[in-house]
Amino acid sequence: MKKSVGYVESVYLGDSEADINKSSCQSLNAQLSGFVGDRHGFFEREAWEGDDKQPEGTVRRNERQWSAVSLEELAGMTKDMALAEPLQAGTLGANLCFSGIPHFSHLPKGTVLRFPSGAELMVEEYNPPCLDMGEKIASLHTTNQGQKIANGAFSSAAKYSRGLVGVIEVPGMIIPGDIVEVIPYKPPLWLGKF
C-alpha cells in the first residue's frame, strides 16, 4: 500500500462520560495524552468487560486516544440502514471525519496520519460497532419511510466501516480542511530475513 492523501472534513470533542455524542469544534489540539478537552484524552484507561485482554477495571495503556470515521463510510451506513437523515461523525463519538481515503476502516495498525502542523496520529485498531451505539442511533433516526430503526441495524451496517481508533504520536493542531497524508505501516526490511 502506497502513501496517499485525504482531507479533514470536520473535528469533534466530547467531555461528558454520560453522552457518547461529540460536538463539532473549530480545531483539535493534539497532545501526547490525547486531544485537549476530550473525555478520551488520557495516557491510561480502565479495561472494559469482554472487550479487553485484561479483567474489567484494570488500568491499562489508552490505545483509544482518538477515534475517526470517513464521510464515504458514513454515507454507506446511512444508505444500508435507509436513514431519513445522514449519520454524523459526532453522533458516533468520533473526533475526526475524513474524506478521500478509500477503505478507511481497513487501514492497518501502525498506519500514520500526518497533518500540516506536524501532528501525527497512529492507528491502533478497528473500532467495532457496539450495542449501545446501535441503541442510540435507533433512538435518534428513522428510515426513509418513517419507520423505527432496529437496534441491530447499526451493527450490521457498520460491521466493516465503523472507523478506527489510535494514539497521538506527535503533537500539533488539526483543523477542518487540512490535507492528511496517509502513511501505511510497512514492516522493516530486516524482518523478511528470518
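The values are calculated or read from the model by the stated rules, or taken from the named source; none is laboratory data. Just so it is clear, the model here is predicted, and its values are computed rather than measured. No Cβ is skipped: glycine too gets one built from the backbone with ideal geometry, and neighbour counts run over all protein chains shown.
Of all the criteria given as (1) surrounded by 17 or more Cβ atoms within 10 Å (Cβ to Cβ); (2) under 19 Å from residue 70 (Cα atoms), the one not satisfied by residue 172 is (2).
Residues are listed down the side, and each one gets a yes or a no for (1) modelled with pLDDT of 95 or more; (2) closer than 23 Å to residue 133 by Cα; (3) among the charged types (D, E, K, R):
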residue	(1), (2), (3)
23	no, yes, no
26	yes, no, no
38	no, yes, yes
56	no, yes, yes
61	no, no, yes
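Within region 75-91, the set of residues being surrounded by 19 or more Cβ atoms within 10 Å (Cβ to Cβ) and either among the basic types (Lys, Arg) or touching a Gly at 6+ places or on another chain (Cβ under 9 Å) (or both) comprises 89, 90. Put simply, of 135, 125 the only residue that is of a type in the set (Asp, Glu), assigned to a helix (DSSP H, G or I) and surrounded by fewer than 20 Cβ atoms within 10 Å (Cβ to Cβ) is 135. Note on region 107-144: residues that are more than 12 Å from the chain's Cα centre (by Cα), at negative phi and not aromatic (Phe, Trp, Tyr) amount to 25.
Taking only region 138-194 into account, find how many residues are over 23 Å from residue 101 (Cβ atoms) and assigned to a strand (DSSP E or B). The number of residues fulfilling the criteria is 3. Within region 64-74, is even one residue small (Gly, Ala, Ser), modelled with pLDDT of 95 or more, in contact with a Pro (Cβ under 6 Å, 6 or more places away or on another chain) and part of a strand (DSSP E or B)? So far as region 64-74 goes, no, none of its residues is small (Gly, Ala, Ser), modelled with pLDDT of 95 or more, in contact with a Pro (Cβ under 6 Å, 6 or more places away or on another chain) and part of a strand (DSSP E or B). Any residue at all in region 104-118 that's among the hydroxyl-bearing types (Ser, Thr, Tyr), surrounded by 16 or more Cβ atoms within 10 Å (Cβ to Cβ), out of contact with any Pro (no Cβ under 9 Å at 6 or more places or on another chain) and under 18 Å from residue 165 (Cβ atoms)? Scanning region 104-118, I find at least one residue that is among the hydroxyl-bearing types (Ser, Thr, Tyr), surrounded by 16 or more Cβ atoms within 10 Å (Cβ to Cβ), out of contact with any Pro (no Cβ under 9 Å at 6 or more places or on another chain) and under 18 Å from residue 165 (Cβ atoms), so the answer is yes.
Residues of region 65-74 that are of a type in the set (A, V, I, L, M) and surrounded by fewer than 22 Cβ atoms within 10 Å (Cβ to Cβ): 71 alone.
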